[in-house]
Amino acid sequence: MRRRLLLLCAAATTVFAATEARAHCEIPCGIYGDDLRFSMLYEDITTIEKSMKMVVDLSADPAANANQITRWVLNKEHHADHIRKIVTQYFMTQRIKLPDPSDTMAVEAYRDNLAILHKMLVYAMKSKQMTDQANTKVLHDTVHEFEESYAK
């Protein structure tokens, strides 16, 4: 009996430990933190830039630094994925509303925002693929462009 209880506790701990905490729901609760999301995007970009720099620096002696290089690459990719998640699951699905087709200005603003968000997704992907900081510069500028467009 005691052994079963221990196994049950271990199984429950594993299930709860493996549960991912989500930043936001999709039920529409109406509680949004746009400023927080923009802050997170900029922090992710800064982290990607540092990761790129560390990968390049450590690559001077790849045999001695293989583990650290791997960690920095994984860190870079994690933050690029986080950007993609914010763009798709927060802005595209919850915050950017489908416009009334008869409202040409709203349709144009909608298309502009989608184009900017798509560009962010592309440059987040490029940031995963290489260590060229030109990609993070474009990504940063694109987030800023979207922030201004979104505020209108």
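Structural remarks
- Between 130, 92, the distinction of being at pLDDT 95 or above and under 15 Å from residue 48 (Cα atoms) belongs to 130 only.
- Contact map, the stretch 83-103: residues that are without any contact (Cβ under 8 Å) to a residue 40 or more places away in the chain and small (Gly, Ala, Ser) paired with residues that are surrounded by 15 or more Cβ atoms within 10 Å (Cβ to Cβ) and in a helix (DSSP H, G or I), Cβ distance under 6 Å, separation 6+ or inter-chain. No pairs are found.
- Candidates 121, 114, 139: the one that is closer than 16 Å to residue 47 by Cβ and modelled with pLDDT of 95 or more is 139.
- Residue within the stretch 86-105 that is in contact with a Lys or Arg (Cβ under 8 Å, 6 or more places away or on another chain) and of a type in the set (Val, Ile, Thr) present: yes
- The residues on offer are 120, 92, and the sole one that is touching a Phe, Trp or Tyr at 6+ places or on another chain (Cβ under 8 Å) and under 18 Å from residue 152 (Cβ atoms) is 120.
- If you go through the stretch 135-152 and keep only what is over 17 Å from residue 76 (Cα atoms) and among the charged types (D, E, K, R), you end up with 141, 145, 147, 148, 152.
The values are calculated or read from the model by the stated rules, or taken from the named source; none is laboratory data. Source: prediction; values computed, not measured. Heads up, the Cβs are rebuilt from the backbone with ideal geometry, glycines too, and the neighbour counts pull from every protein chain shown.
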